[in-house]
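This report concerns only the one structure given below.
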Amino acid sequence: GFSGQGCMEPELIDALSRIDAAVYVISPFGNMTREQADARYESGVRRLRALRPETPSVLGEHCYYRTPHDWKHEAVGRLYDKLKAEGWRKLAIVRMDDMWPKGDTDGTADGGHPNDRGEWTMAEAFAAVVKGILQTKGDT
């Protein structure tokens, strides 16, 4: 991982493409601005797929529960729906509601930054989706 500082820079996408990964988990919205997201998110996902067409990708919604960040969840969902409508296979999504069941914010320090419980809940959500896409050989 690249922590919250990986903001879909083209150089980062190129570096990721050199890793022979079983699956790419793409969840860059921690510190991305709207302008960065508009400029880099879709193009980065598409570039990584072009460079590694056989490797499944998992898109992760932003884990922040507070509503000012709704645009981040919507951006991920819109791109996922768009790519699936274009016929993309080997693509899955982790929804915020799977990371924070029923709006449970006990796993956060401030409504967004996860504490130990929150990290565990998020890991379980991502693990379930990654396991599913790997078990189907990404053919989803």
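The values are calculated or read from the model by the stated rules, or taken from the named source; none is laboratory data. These numbers were taken from a predicted model, which means no experiment stands behind them. Every residue, glycine among them, receives a Cβ derived from its backbone with ideal geometry; neighbour counts consider all protein chains shown. All accessible areas refer to the heavy atoms of the entire protein, side chains included, with ligands and DNA or RNA removed. Shrake-Rupley method; radii C 1.70, N 1.55, O 1.52, S 1.80 Å.
Pick out the one residue from 11, 42 that is open to solvent by 70 Å² or more (accessible area, probe 1.4 Å), acidic (Asp, Glu) and out of contact with any Ser or Thr (no Cβ under 9 Å at 6 or more places or on another chain).
11
Please find, within the stretch 48-61, the residue that is surrounded by the most Cβ atoms within 10 Å (Cβ to Cβ) out of those that are more than 15 Å from the chain's Cα centre (by Cα) and in a helix (DSSP H, G or I).
51
For the structure I just gave you, tell me whether residue 88 is at pLDDT 95 or above, open to solvent by 10 Å² or more (accessible area, probe 1.4 Å) and of a type in the set (Phe, Trp, Tyr).
Criteria met by residue 88.
Taking residue 42 and the conditions (1) within 18 Å of residue 123 (Cβ to Cβ); (2) at pLDDT 95 or above; (3) of a type in the set (D, E, K, R), which numbered condition does it fall short on, given that it satisfies the others?
Here residue 42 clears every test but (1).
Condition test on residue 16, is it touching a Gly at 6+ places or on another chain (Cβ under 6 Å), crowded, with 16+ Cβ neighbours inside 10 Å and in a helix (DSSP H, G or I)?
Answer is no for this residue.
Working only within the stretch 6-47, note down all residues that are among the small types (Gly, Ala, Ser) and closer than 13 Å to residue 62 by Cα.
27, 30, 37 - these are the residues of the stretch 6-47 that are among the small types (Gly, Ala, Ser) and closer than 13 Å to residue 62 by Cα.
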